[in-house]
Amino acid sequence: MAWKVLVTARAFWVSGQASQSALIDAGCEVVWSSKAGPLPVDDLIIALDGCDAVIGSSDPYNAAVFAACPKLKVVSRCGVGTDSVDMSAATAAGIIATNTPGAMAEGVADYTIGLMLAVCRSIPAANEMMRSGGWGELPGASVFRKTLGLVGVGRIGQSVALRARGFCMRVIAFDPLQAASGTAPSDIEFVDLDTLLAESDFISLHAPATADTVGMFNTRAFAKMKTTAFLINTARGALINEADLIEALDAGTIAGAALDVYAQEPLPADHPLRYAKRCVLSPHNAFNALESTQEMSWQSEANVLDLMRGVRPANVCNPEVLSNPVLRMAPPSV
């Protein structure tokens, strides 16, 4: 039996035409939320009425949503991050969660380097000056032969490191799991966090939001950074204590920051970060290269179709649910 599939992910709306056609050709009924996600819980529950699966934005998939949507079987995140999905609640409810790892790695890595250059060379300020009729000099800093510190060296972090080598940068990293695995490129030098903070000219964040990483960049961390260092975040806003960052920028504790992600999204119109000194902001757009969003759409659609057809996809985020007797569908084959 074909499924009813809700789409809340803006990337799928914009770039998923081929994937939508694949769902329809497979007999699925594709429905669209009234606006792109992330949706509030109440709106999400209404939109999910009667749906078997959702191709989701970073909507709040939690126990209340699962209890209110008894037909829901699959949350297919159109993206790599799963911190908006309560995995324990999904597993307890018998719901399979999937994501699209690797789909956006190259796009985010490109954007990370772009933010690095934008903030250290004041490119947005130069553009604003020219468009307002001005002319002047804006001194900056070079990236060539500088030290780049990566916090997290999964697919995206490794892709950033590859690009940094083109600038002859020294690449150091803090990622205990990757360091222990021995699978990262050999020219990435693993160090402890304090060493990374002290030696990096640029620090780029590529870690998930976990109990160990939330708020890890705070007043204490900024005090250990060089006063000439720049912080770039294309990972998760929760990694940074935003109030502490604003204080560090105001005081000149660090040279600048470039942010694409925030603790609250969308960022409120009156948020103090919008007025922070030496801070480049963008609206969670690092993933948004056409090639990346098409791949995200395809992977999220394929995850749904595989499960609808009884096949286990490669990217199940809570595999323990497959042995749960309350699984809301027949267990998929390997």
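At pLDDT below 95, out of contact with any strand residue (DSSP E or B) (no Cβ under 8 Å at 6 or more places or on another chain), among the charged types (D, E, K, R) and not in a loop (DSSP other than H, G, I, E, B) - does that describe any residue in segment 5-19?
Scanning segment 5-19 turns up at least one residue that is at pLDDT below 95, out of contact with any strand residue (DSSP E or B) (no Cβ under 8 Å at 6 or more places or on another chain), among the charged types (D, E, K, R) and not in a loop (DSSP other than H, G, I, E, B).
Determine which single condition V214 fails, assuming it passes every other condition in (1) more than 26 Å from T228 (Cβ to Cβ); (2) touching a residue at least 60 places away in the same chain (Cβ under 8 Å).
(2)
For residues that are crowded, with 19+ Cβ neighbours inside 10 Å, among the polar types (S, T, N, Q) and modelled with pLDDT of 95 or more, scanning just segment 75-114, find the one that is farthest from E320 (Cα to Cα).
Only one residue tops the list, namely T112.
Could you please let me know if L193 is in contact (Cβ under 8 Å) with a residue 12 or more places away in the chain, farther than 28 Å from M87 by Cα, within 22 Å of the chain's Cα centre (by Cα) and open to solvent by less than 50 Å² (accessible area, probe 1.4 Å)?
Criteria met by L193.
Among the residues of segment 29-54, write down those that are within 21 Å of the chain's Cα centre (by Cα) and either of a type in the set (K, R) or more than 19 Å from E265 (Cα to Cα) (or both).
Residues satisfying the conditions are K35, V54.
Applying the selection to segment 129-144, what residues are open to solvent by 60 Å² or more (accessible area, probe 1.4 Å) and more than 28 Å from the chain's Cα centre (by Cα)?
M130, R131, S132, G133, W135, E137, L138, P139
Just wondering, is there one or more residues in segment 51-66 that are assigned to a helix (DSSP H, G or I) and either open to solvent by less than 10 Å² (accessible area, probe 1.4 Å) or modelled with pLDDT under 95 (or both)?
The answer is yes, given that some residue of segment 51-66 is assigned to a helix (DSSP H, G or I) and either open to solvent by less than 10 Å² (accessible area, probe 1.4 Å) or modelled with pLDDT under 95 (or both).
What's the number of the only condition in (1) without any contact (Cβ under 8 Å) to a residue 40 or more places away in the chain; (2) open to solvent by less than 10 Å² (accessible area, probe 1.4 Å); (3) closer than 25 Å to M104 by Cβ that R312 fails to meet?
Single failed check for R312: (2).
How many residues does segment 53-78 hold that are in contact with a helix residue (DSSP H, G or I) (Cβ under 8 Å, 6 or more places away or on another chain) and farther than 14 Å from T8 by Cα?
Of the residues in that region, 10 qualify.
Please verify whether segment 26-39 includes one or more residues that are out of contact with any Ser or Thr (no Cβ under 8 Å at 6 or more places or on another chain), open to solvent by 10 Å² or more (accessible area, probe 1.4 Å) and free of Cβ contacts under 8 Å to residues at least 12 places away in the same chain.
yes
Does segment 148-161 include one or more residues that are under 16 Å from F230 (Cα atoms), in contact (Cβ under 8 Å) with a residue 12 or more places away in the chain and not hydrophobic (A, V, I, L, M, F, W, C)?
Checking segment 148-161: at least one residue is under 16 Å from F230 (Cα atoms), in contact (Cβ under 8 Å) with a residue 12 or more places away in the chain and not hydrophobic (A, V, I, L, M, F, W, C).
In segment 291-300, which residues are out of contact with any Cys (no Cβ under 9 Å at 6 or more places or on another chain) and surrounded by 17 or more Cβ atoms within 10 Å (Cβ to Cβ)?
S292, Q294, E295, W298 - these are the residues of segment 291-300 that are out of contact with any Cys (no Cβ under 9 Å at 6 or more places or on another chain) and surrounded by 17 or more Cβ atoms within 10 Å (Cβ to Cβ).
Please work out if D175 is open to solvent by 20 Å² or more (accessible area, probe 1.4 Å), in contact with a Phe, Trp or Tyr (Cβ under 8 Å, 6 or more places away or on another chain) and either touching a residue at least 12 places away in the same chain (Cβ under 8 Å) or within 15 Å of V151 (Cβ to Cβ) (or both).
Taking the combined requirement at face value, the residue satisfies it.
The values are calculated or read from the model by the stated rules, or taken from the named source; none is laboratory data. Quick caveat, the model's predicted, so the values are computed rather than measured. Glycine also receives a Cβ, built like all others from the backbone with ideal geometry; neighbour counts cover every protein chain displayed. The accessibility values were calculated without ligands, DNA or RNA, using every heavy atom of the protein model including side chains. Shrake-Rupley method; radii C 1.70, N 1.55, O 1.52, S 1.80 Å.
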